[in-house]
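Beneath this line is the structure, given in structure tokens, with notes to follow.
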Amino acid sequence: MNRTCCTDLKYPGKLLLAGLFAALGLGLGLGAVPAQAAADPTQPEATAPVYPSATPDDDSADEGTVLIPSVTSQEGNFYLAVTDAALDEVDSERIMDQVRQAVGEQDAKILLGVDQEPNNLKGAGQLVRGMLMFGDSDALSDDWLENGKTLGYVGEGWIAIGVMLPEKAGDPVEIAVVPGRDVRETAPGSQQRILEAGQGEFAAGDYTAGITAVALATTQQLQAPPDRTLAKVIAVGALAAAVAFLLAWAWRAKRRKARQAAAADRNKQAELLESRIQRASIYLDRHPVPDPGLTRESRLAQVMAELERQRAGSQPGAWRALGMAPDSLQPQQVSEAQLAQLRDREHELSLLRGAVQLAHAFTARPRDSRESWNRIFEYHRARLEDLALFLDLPGAGQLACAQAARTVIITHTDELQLLHTRLSRRSSGADTAPGILDRLWELRDELDGVLHDALAQAGQARLKIPHGLGESMESAQRKTDPMEDDPIAVLRNFAPGSGTR
């Protein structure tokens, strides 16, 4: 953390510099109220300047230098400055979190500085003076040189607080509070109550809690007047009323137009969904699911039977499914709930139609459904590549699933090539396609199991997987929303026990 060394500051003119150090030497007359339990309260403060006027020539000369904390945290009207020496004892973030709301509810700006002995400062009072003169805040009054002795050195609306932590744990903490010119106590003895705040926490060694208590007490015991006049209040109030009226009128007009637009949009969406539902219903009505010619125990045969059951039971009209007649439905009568039902219905029929189309493709001659077969092979090979990339990650080779993953990559690559060759032969007909599809399905289940184990074990070992690779591996595990580029996932959605209606 950067801190300001008072020897590095330069003011234009010798007269100004002389006046500055003269003011410091006299203690500045800030009106601070220090609390010091570890030292004799009657001990007079040093009148000689504690801020050297010459820059040290080397590191050994730093013994006479005073380092002033810079503002390390700022939230609204609260400025917290902590020296390097006190950083290990104070949790700035915790202080800011606990005083943020209290400071936001009052008008004064609070500058709170924290330092820890040993240092060249003569207590919390000189810490406050140093922050005012050499700190990086605007708490010092603009006319301090002319009117500081009579009106005070802290600017209007500011409260400066210094907290000096002891060198040894258990020793007293010294506090100095210097309110600005226009800052007033909320009740007699308010400043003394600020000095007494946090003493229990300080005694227990919890400096963060003690400083927080001092800051909260300051917001309660001292008050700055709001920066406005009666005329400003009246003018702002009238303007606000006019603006509020215009905004309310514009909001109502905009809301009325939005309702009309939303009704028209729902009507258009409903018409589009109805058109898609009708097309899907017509297709399903004209295309019964073919028999794959496999045993009833075959998973593919079970899926085909389920597809036929759902196809035969699908409703031909979405409006009738919602209890509405198309000719009596008006745009403003289509609610969001009805539109959501239409979307769900369209999604169900679209998924069912896609699965029935795949069923026809995979029970026909392979040459007539080359695109669907290619998608299965391409998707499977892409997941094998994902698995290979996973094994290349640092630490993946030591996981328990590594051997199974290597085996799957080798065996599946060879078998995919053999199955693809069988499909490419001219002699391959519709009777061989279902058996090949059933085998591809078995390979997919085995691959999914290895991918699942790889992701689970990588998570337990806290293995970092690149975002793109992890997303690709996880997508293979999702079965609730089958992807168009994965025909097996579409068919698997209708397998018994999958949750499909």
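The values are calculated or read from the model by the stated rules, or taken from the named source; none is laboratory data. All figures in this text were calculated on a predicted structure; none of them were measured in a lab. In this analysis, Cβ positions are derived from the backbone assuming ideal geometry, glycine residues included, and neighbour counts consider all displayed protein chains. Ligands, DNA and RNA are excluded from the accessible area calculation, which covers all protein heavy atoms including side chains. Shrake-Rupley method; radii C 1.70, N 1.55, O 1.52, S 1.80 Å.
Considering the convex hull of the alpha carbon atoms of region 163-252, report its projected area averaged over all viewing directions, in nm², one decimal.
Average of the hull's projected areas for region 163-252 equals 9.6 nm².
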Exercise. Once fully extended, how much extra length lies between residue 120 and residue 71, figured as 0.36 nm per residue of separation less the alpha-carbon to alpha-carbon distance?
Worked result: 15.7 nm
Exercise. Counting only protein chains, not ligands or nucleic acids, how are 360, 467 ordered by accessible area (probe 1.4 Å), most first?
Worked result: 467, 360
Seminar exercise, completed: Label model pair residue 378, residue 250: point-to-point distance (7 angstrom along the Cα→beta-carbon line) in nm is 5.1 nm
Problem set entry | Rough spin-label spacing in nm, given labels placed 7 Å along Cα→Cβ, for residue 388 and residue 406 | 1.5 nm
For this session: Work out, step by step, the length gained on full extension between residue 414 and residue 196: first 0.36 nm times the residue separation, then minus their alpha carbon distance; give nm to one decimal.
Result: 70.4 nm
Exercise. Over all distinct Cα pairs, what is the inverse of the mean 1/r for region 114-175, reported as the Kirkwood hydrodynamic radius in Å?
Worked result: 12.6 Å
Seminar exercise, completed: In this structure, the FRET efficiency calculated for residue 283 and residue 236 from their beta-carbon separation, with R0 = 51 Å, to the nearest 0.05, is 0.15
Exercise. Carbon and sulfur together cover what percent of the accessible area of region 345-445 at a 1.4 Å probe radius?
Worked result: 49 percent
For this session: Just subtract the alpha-carbon distance of residue 151 and residue 439 from 0.36 nm times their residue separation and send over the number in nm, one decimal.
Result: 94.4 nm
For this session: Could you rank the peptides 281-294, 90-103, 206-219 by their average count of other C-beta atoms within 10 Å per residue, with the highest value first?
Result: 206-219, 90-103, 281-294
